Amino acid sequence: MDHFHYTGDRLHCESIDVAAIADAVGTPTYVYSTATLTEHYRRIADAFRAIDPLICYSVKSCGNLGVCRTLGALGAGMDVVSGGEIFRARRAGVPASKLVYAGVGKTDAEIREALREGIFLLNVESEAEFENTARLAREMNVQCRCALRVNPDVDPKTHRYTSTGRKETKFGVDIERARAFFRAYGRDPHARLVGLHLHIGSPIYDTAPYVSAITKALALRDELLTEGFEVSVLDIGGGFAADYETGRSPDAATYAAAIVPLLAPAVATGLRIVLEPGRAIIANAGILLTRVQYVKQSGEKTFAICDAGMNTLLRPSHYEAFHFIWPTAPAPAFVPARRTEKPDMQGLVMHDVVGPICETGDFLALDRAMPPVARGDLLAVFTAGAYGMSMASRYNSVPLPAEVLVHGDRFEVVRRRETYADLVAHEA
């Protein structure tokens, strides 16, 4: 699953004791494993090889240039959702011909940037956006390729904030409107409508929603083809789950076993498939290192107050998300043989693991059984690579953390820790 493991009673990332990283760089710090990134990308590529998809890593999940360069070197394209992410992907060396661009609120400046770069596919989400894109392409005297984002109205059974495939979401258009959309815009000479785009939510732990969504999209494609429209690309989005130490997540081969047979006949006749995995690649490839500042008793509660909180990792407070948290150097009796096993409660203490931010909702875990911890102990928050640093903030004027990328027996700082001067660098 990943390359974070306890050797003796010390947590290592690949061949490096993570405590050495914390000593050198400080905390809080995100630590990414190159070996895990590579393994998870290759698992997806191997699982879907029969349909030869363009695998576009979702930059929003973790946009660090070191991470993007690593994946770009493996052959990945990039799924971007802003002009800033286009800039990141290009700075990471990923060719524009491997970029797909989605998002409901693209500005004129962002669309022009995409058109200048000549990206592979611009996923449009409304009639108004398409009309604007076509206008800008006409003014620039360029031609772009567009796909229409379609809501297949399936329930991905995920958190309500990340469910995006129902009719009631702000994303895309429903299938009934899609037919009229192609009839109205499907022959524009500057914004060529050549595909369909799906993205039904994240994380999705079951293959059934994908089967339902793709089946509906293929039926719509058949209808559009009979009317003479070009539908040569199907972007099926992302949303594949990562294993947050629960053992619930299907692996890439399980998703592929359900999806590939649906798509293979259309691929054989020329349909190009795009995948947009993010979490499934980066989540298990990253941990967050945080140091305990104080241990506090309040009523029946024991608080481990750390230097990382909701400003560093928002997912627990925003999504009620679970992250396994454990000391990096526990007493021998508490070294986990496998992190997915439920720990023996003997000797463990129930903690609220909280941060320094002035919000009651500032926590990394509530009522969590852990070994007793003390001031100065180093904790690892696992499966923190996705939507960790990318959602971090400077709330309470706390500088952003560092990011480190490990390569076997060495590591490099791929984002330095911010300073107080950085906090005010853009202010008068």
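List of remarks:
- Summed over segment 259-282, the residues that are outside any helix (DSSP H, G or I) and within 19 Å of Leu121 (Cα to Cα) give a count of 9.
- A Cβ distance below 9 Å, combined with a sequence gap of six or more or placement on separate chains, defines the contacts here; from segment 318-346, residues that are farther than 14 Å from Thr246 by Cβ and of a type in the set (D, E, K, R) reach no residue that is modelled with pLDDT of 95 or more and crowded, with 17+ Cβ neighbours inside 10 Å.
- The condition (being surrounded by fewer than 17 Cβ atoms within 10 Å (Cβ to Cβ), modelled with pLDDT under 95 and more than 18 Å from the chain's Cα centre (by Cα)) is satisfied by just one residue among Asp46, Asp17, Asp9, Asp23: Asp9.
- One residue alone among Gly228, Gly237, Gly165 is at pLDDT 95 or above, surrounded by 24 or more Cβ atoms within 10 Å (Cβ to Cβ) and either outside any loop (DSSP other than H, G, I, E, B) or not hydroxyl-bearing (Ser, Thr, Tyr) (or both), and that residue is Gly237.
- So Arg272, is it in the same structural domain as Leu196 (by TED's automatic domain parsing), in contact (Cβ under 8 Å) with a residue 24 or more places away in the chain and surrounded by fewer than 15 Cβ atoms within 10 Å (Cβ to Cβ): no
- Unique residue being buried (at least 18 other Cβ atoms within 10 Å of the Cβ), assigned to a loop (DSSP other than H, G, I, E, B) and either of a type in the set (Val, Ile, Thr) or modelled with pLDDT of 95 or more (or both) when the list is Val100, Val154: Val154
- Where a residue in segment 246-266 is in the same structural domain as Leu218 (by TED's automatic domain parsing) and its partner, wherever it lies, is among the acidic types (Asp, Glu) and not in a helix (DSSP H, G or I), with Cβ under 7 Å and at least six apart: Ser249/Asp243
- Failed condition for Ala421, given (1) outside any loop (DSSP other than H, G, I, E, B); (2) surrounded by 12 or more Cβ atoms within 10 Å (Cβ to Cβ): (2)
- Residues of segment 390-428 classified as within 23 Å of Asn284 (Cβ to Cβ) and either in contact with an Asp or Glu (Cβ under 6 Å, 6 or more places away or on another chain) or of a type in the set (Gly, Ala, Ser) (or both), total: 9
- Members of segment 375-398 that are loosely packed, with under 15 Cβ neighbours inside 10 Å and outside any helix (DSSP H, G or I): Arg375, Gly376, Ser393, Arg394
- Residue satisfying all of: in segment 283-322; in contact with a Phe, Trp or Tyr (Cβ under 6 Å, 6 or more places away or on another chain) and in a loop (DSSP other than H, G, I, E, B); farthest from Glu359 (Cα to Cα) among these: Phe322
- Filter pass, Ala241 being assigned by TED's automatic domain parsing to the domain that holds Ala102 and either closer than 20 Å to Leu71 by Cα or without any contact (Cβ under 8 Å) to a residue 40 or more places away in the chain (or both): yes
- Candidate set from segment 67-107 (those that are under 26 Å from Leu136 (Cβ atoms) and of a type in the set (S, T, N, Q)); member that is farthest from the chain's Cα centre (by Cα): Thr107
The values are calculated or read from the model by the stated rules, or taken from the named source; none is laboratory data. The structure presented is a predicted model; accordingly, all values stated were derived computationally and were not measured. All Cβ positions, glycine included, derive from the backbone under ideal geometry; neighbour counts span all protein chains shown.
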